[in-house]
1. Go through segment 122-128 residue by residue and turn each phi into a ³J(HN,Hα) via Karplus (6.51, -1.76, 1.60, θ = phi - 60°); whole Hz please, and just put x for glycine and proline.
2. Kindly put Arg234, Arg160, Arg122 in sequence by how many other C-beta atoms sit within 10 Å of each C-beta, fewest to most.
3. In vacuo Debye scattering of segment 175-259, one point per C-alpha: log10 I(q)/I(0) at q = 0.17, 0.26 Å⁻¹?
4. Rounded to whole Å, give me the distance from the Cα center of segment 163-197 to that of segment 117-135.
5. For a test of the definition: using alpha carbon positions, the gyration tensor, and the 1.5 limit on a/c, classify segment 104-167 as rounded, prolate or oblate.
6. Using θ = phi - 60° and the Karplus relation 6.51 cos²θ - 1.76 cosθ + 1.60, list the HN-Hα couplings for segment 185-190 in order, rounded to whole Hz, with x at every Gly or Pro.
7. Using Cα pairs under 8 angstrom and six or more residues apart, how large is the relative contact order of segment 123-219, in percent?
8. Which three extents, in whole angstrom, do the alpha-carbon atoms of segment 117-259 cover along their principal axes, largest first?
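Since every read-out is calculated from the coordinates, none of them should be taken as a lab result. What you see is a predicted model; the values in this text were computed from it and never measured. For neighbour counting, all protein chains shown are included, and Cβ atoms are generated from backbone atoms with ideal geometry for every residue, glycine included.
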Amino acid sequence: MLSIAESLALALRPNRPQNPSDPRAVARAAEGNVFAREVDDALRQDEALYTLRKWGKPVGAAVVLGLAGLGGWLWYSNHQDTLRGQQGEQLTQALDNFEAKNDKAAQALLDPLTKDGTPGNRAAAQLLLAGKAQDDGKADQAAKGFAAVAADSNAPQAYRDAATVREVAITFDKLPPQQVIDRLKPLAVPGNPWFGSAGELVGLAYLKQGHNDLAGPLFAAIAKDKDVPDTIKRRARQVAGSLGVDAVDDVSAVIGQAQ
């Protein structure tokens, strides 16, 4: 596509050929080129001014709104960081109060977080209160608290997994074995942080169902997993052995744990 200047140069070109040796012809051609460039520049300026008049306000408004949105996001992010910091301090103080046997003060700090805390801090507060209820022998209350966290889709997955294991552990004797398996089997796999605890409960559910062929290898896998806590590994090794499944990889390591 020709530029504005090129189009004007063609329009201003005389119909008859010019003699390149004629100085006047060369001068006229040069003047035409200069004029074309000046007109081209003027038209470009007019187009720019027209565009600015037509779109300047909407574009400017969009930029302002964009900056306002960015500013709002930055404020919200900073506010959330501040809020998380304050609520994290509340959780720390609540733990200190629990350790000092000042349960009322701890609960006073945690109760607001269970309602208005950020998803992570709310779940943490609920887990602490449920754990305290379990320590106090209030199994039903504890199970209800853990169940609430496990069902909270906004809570961090790590907290939901922890709550699921704790809830099932409390209610294990009341639950059908298959329900235990269905809820915990996704966690009862090597590499999962809850492999030991969840796997142990799934293995016990298999035993309730009479599936020793499934329970034995699972307990053996738990016993051999280097990331599972030693207390769980020892129990798993004993159960696997009673089922006739070898769960010992390193005899010297097992002897060391027993000592």
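1. 3J(HN,Hα) across segment 122-128, in whole Hz: 4, 5, 4, 5, 5, 5, 5.
2. Arg234, Arg160, Arg122
3. Debye curve over Cα of segment 175-259, log10 I(q)/I(0) at q = 0.17, 0.26 Å⁻¹: -0.61, -1.26.
4. That distance is 19 Å.
5. oblate
6. Residue by residue, segment 185-190 yields 4, x, 8, 8, 10, x Hz.
7. Relative CO of segment 123-219 lands at 18 percent.
8. Principal extents (Cα only, largest first): 49, 31, 27 Å.
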